[in-house]
Amino acid sequence: MRALRPDEAGPIGRYRPVAAVGEGGMGRVLLALAPDGRLAAVKQIHPEFAHDPGFRDRFAHEVDVSRRVSGAYTAAVMDADPAAEAPWLASVYVAGPSLREAVEAAGPLPPASLKYLAAGLAAALADIHRAGLIHRDLKPSNVLLTSDGPRVIDFGIARAVEGSDLTSTGAVIGSPSFMSPEQAESAQLTPASDVFSLGALLVMAATGHGPFTGETAPQTLYNVVHAKPDLSALPPEIRALAEPCLAKDPARRPTPEQILDFLGPVTPGASPWPFAVGQLIARQEAEVRAVLSWPAPLPPVPPPAPRRRPWAIAALGAAAVLAVGTIVAVNLGGDEQQPTTPQATRLPVERALSADRLRGTDPCAVLDGARVQGAGVLTAGEEPLYLNRCTYETADGEQLKLIIGEPVEATGAEAGTGIAGRPVLLSGLTGGCEATIQLPNERELGIRTEDSSGGSCERAQAALRVTVQRLRDRAGEWDLPSDSAVPVDPCSLVDDARAREVLGPVTKTTLTRLHECEWTAGGSLSLTVEQSYPGILPEEGYRPVDLSGVRAYVREVSPESCALTWDHRDLDADRTENVRIAYHAGRAGGVCQKAQAFAKAAIKGLRDS
C-alpha cells in the first residue's frame, strides 16, 4: 500500500480514495472511504478495456449479478459505475495478506489451516455459483486471509474482460498455474472450472508451488491439460480432497457443497492461521490506520518554467513574499534553536518540501550545526555515499540519519506528533525509531529521520521538526552549476512521445525516489541520478559504448534485462554525478539497444535542461 499521487486523489463516484493498494493486468485498486465511513476497495478498470464497445455491457451485467453474492467468505459489492470514463467497482475492504503473500512470508500452511482454507473457499464458491457466476480467475492473489477466515475477491470481473478486443487473439483470461484444462483450451466453462482452481490453490498453500507450474506459460498450460500432478507431498486428508478437484474431466469433480460435506465441521480454534500470518494481518490493519491519518493530497503544483533551477524559483518566491508580506508561517514549537529567518520570508511548507526544491538541497548541510532536543548540536559526517541522505553525529557520539525523498513505508507505523500541520509516522523497522513526513505533492515520498540508539522516538521526531524548520528557512541549498543533473526532475528528461517510440505504449511514469524515475511499458525502465567516484569503472560484464559523444558502459544482465551507466559530470573534487538505467523488458530481443536509445534521449534532455 502506498500514498496517493495528486492525480490519483480525485473522487470516484461517491468514494474518496485514501491510498493505492495495487495494480494488475485489469486495473488498479484504491483504498477509499464510502459516504457512510466504511472502507472500500475500489477497482478501476484500465482504459484500454473500457474502450472496447462490448466491455461496458458485460461489466454492467456481471456487476448486477455480483451484487447478489453475499456470503461470509466473499467481499460484498457495495457500488459500481460501468458508464464511468474508467469503469469501477467498489467492494468491502478486507485487511489481510493474499494467500500468495502469506505462503511466501510464512511458508506452507499446516493441515488445520489448509482444512479451514478449503472450507472457506468452498463456501465462497457455493455463494458465487448460486448467484449464477463463475469466478474464472481463482488464484492466490484473489484469496485474502483475514483474522476470521479467507475471502474471495474479484469474482465477475474476469467474465467482463473475456471477449474484449484485447483478448480476442487467442489469449486466455486467467492465471495459467491455477486455471482448469477446459479454460486453458478456451472451451465452455461450468462451475466445475472453479473447483479445479480450488484444488490447485490447496496444493500451492500446502507446498508453496502450484501443481502444474512449468518453466514457461505454454509449458504450464500443457501441464494443466495433459500432466498428472504430483500430490505426494500433501497431508493425506488434503490430498484426498485435492485429487478429485484436479480431475481433468469436469464431471468427475466434486461440487462446493460436496466439498463442505467431505470436510465436515471446521473448528479453527483461537486463530485459523499460523502466528506469522496473524502478524501479517495485524500489520496490514495497523497500516490502514496509519494511512487514514494522512491528510488528503494537495492539487498538483504548476510545472516550473523551462531551464529554471529550483533555487531560482525559490529566490523568485522569496521576492514575491517580501513584496506582498502576507504569508504567515506555522509555528513549529519545541525546545530546539529557534529560526532566525523572519516569518514573512520563510517558505510555505508546500514549497519547502516540494520535490523540485529538495533535489537542490544538500542533505549534509540541512542539520549541520543545528541544535536538536535530546541530541545537542549535530555534526555532519564526511564523504556521504548518497545524494539524498546524510549521517550526523550527536553531542553524545550517537548517530542520527536524514533521508530525503525515499518511499514512505507505512507498514507497522503509528501516528506521531504532527509538524507544521502535517502528520508524522513513527516506525521501528531499523531497530531504533524512524520519523517520516510526506512530501505534500509527491505523497508516496517522504523525509525521514532515523535514530538507531533505541528507546523512545523523541529524538527522531525532534530532528524531523528541526529539518522542516530549516528547510523552510532555505538551509542546505546546494550551489550547483547549471549543467548539473542533481536538481533536474528525472521524469522530465525523456518526453512521453520519445519514451513511447523507444519502449512502446507507456502506461505510467512514476517518480519512485527523489532522483529516480520509472517508466512502465510492458516491462519497466528506471533512470537514476546518483553519486559515484572518479575513475571507478563498472563491475565485470560491462562493455563501453558511445552515446552521442558520451562514454557509457552497458551490460546485458539477461535476454530480458539490460543495465547501462555513464558519468555525467564532476560533483566536486572527490565525487561525480552518475546516471544509471535499469531496463527489464519482460521479453527477449533488442533490450540493450532500447536501453541505449533511451539513454541517448536522456542525455539530450540533460543538455537541454
Worksheet item: Contour minus end-to-end for R130 and T267, with contour as 0.36 nm per residue of separation and end-to-end as the Cα-Cα distance?
Response: 46.8 nm
Fill in: Relative contact order (percent, whole number), the stretch 6-291, Cα cutoff 8 Å, 6+ residue spacing
18
Worksheet item: Using a ≥ b ≥ c from the Cα gyration tensor of the stretch 209-253 (square roots of the eigenvalues), is it rounded, prolate or oblate, where a/c under 1.5 gives rounded and otherwise the larger of a/b and b/c decides, a/b for prolate?
Response: oblate
Response to the item:
The FRET efficiency for H61 and Q219, from their Cβ-Cβ distance with R0 = 35 Å and rounded to 0.05, is 0.50
Worksheet item: Sorted by mean Cβ packing within 10 Å, highest first, what order do the peptides 132-140, 187-195 take?
Response: 132-140, 187-195
Worksheet item: Roughly how many whole Å is it from the C-alpha centroid of the stretch 29-100 to that of the stretch 422-482?
Response: 37
Worksheet entry | For the stretch 223-239, Karplus couplings with θ = phi - 60° (6.51, -1.76, 1.60), whole Hz, Gly/Pro x | 4, 4, 7, 10, 8, 8, x, 8, 10, 5, 7, 7, x, x, 5, 7, 5
Worksheet item: In the structure displayed, which of K139/K508; K115/K228; K401/K600; K508/K600 lie more than 30 Å apart, Cα to Cα?
Response: K401/K600
Discussion item. Skipping prolines and chain starts, which residues have an amide H placed within reach, meaning under 5 Å, of the one on A80, given they are 5 or more residues away or on another chain?
Written reply: A90
Practice prompt. Determine, for K594, K248, the number of other Cβ atoms within 10 Å of each Cβ, and report the residues in order from fewest to most.
Written response: K248, K594
Item to complete: Go through the stretch 190-262 and name the GluC sites (Glu not before Pro) that are in a DSSP coil and have 12 or fewer other Cβ atoms within 10 Å of their Cβ.
Response: E215
Worksheet item: Which ³J(HN,Hα) values, rounded to whole Hz and listed in residue order, are derived for the stretch 77-85 from phi using the Karplus coefficients 6.51, -1.76 and 1.60 in 6.51 cos²θ - 1.76 cosθ + 1.60 with θ = phi - 60°, glycine and proline given as x?
Response: 6, 9, 6, 6, 9, x, 8, 5, 3
Response to the item:
Taking placed amide H atoms and a strict 5 Å upper bound, the residues 5 or more places from L439 or on another chain that come that close are L445, G446, I447
Item to complete: Give the shape of the stretch 6-291 as rounded, prolate or oblate, defined through the alpha-carbon gyration tensor: a ≥ b ≥ c are the square roots of its eigenvalues, a/c under 1.5 means rounded, and otherwise the shape is prolate if a/b is larger than b/c and oblate if not.
Response: oblate
Practice prompt. Sorted from largest down, give the three principal axis spans of the alpha carbons of the stretch 490-608, whole angstrom values.
Written response: 41, 29, 25
Worksheet, complete the sentence: Relative contact order as a percentage, the stretch 6-160, C-alpha pairs under 8 Å and 6+ apart, gives 21
Practice prompt. Just subtract the alpha-carbon distance of E458 and E237 from 0.36 nm times their residue separation and send over the number in nm, one decimal.
Written response: 74.2 nm
Response to the item:
Magnitude of the Cβ-charge dipole (Lys and Arg +1, Asp and Glu -1) of the stretch 6-291 about the Cα centre, nearest 20 debye, reported as 540
Worksheet item: How much length is gained if the chain between A415 and A112 is pulled fully straight, taking 0.36 nm per residue apart and subtracting their Cα-Cα distance, in nm to one decimal?
Response: 105.4 nm
Worksheet item: Given H placed on each backbone N at 1.01 Å, which residues far from R28 in sequence or on other chains put an amide H within less than 5 Å of it?
Response: Q44, H46
Worksheet item: Can you give the relative contact order of the stretch 490-608 as a percent, counting alpha carbon pairs under 8 Å and 6+ residues apart?
Response: 26
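No lab work stands behind these numbers, since they all come straight from the coordinates. Note that this is a predicted model, so its numbers are computed, not measured. For neighbour counting, all protein chains shown are included, and Cβ atoms are generated from backbone atoms with ideal geometry for every residue, glycine included.
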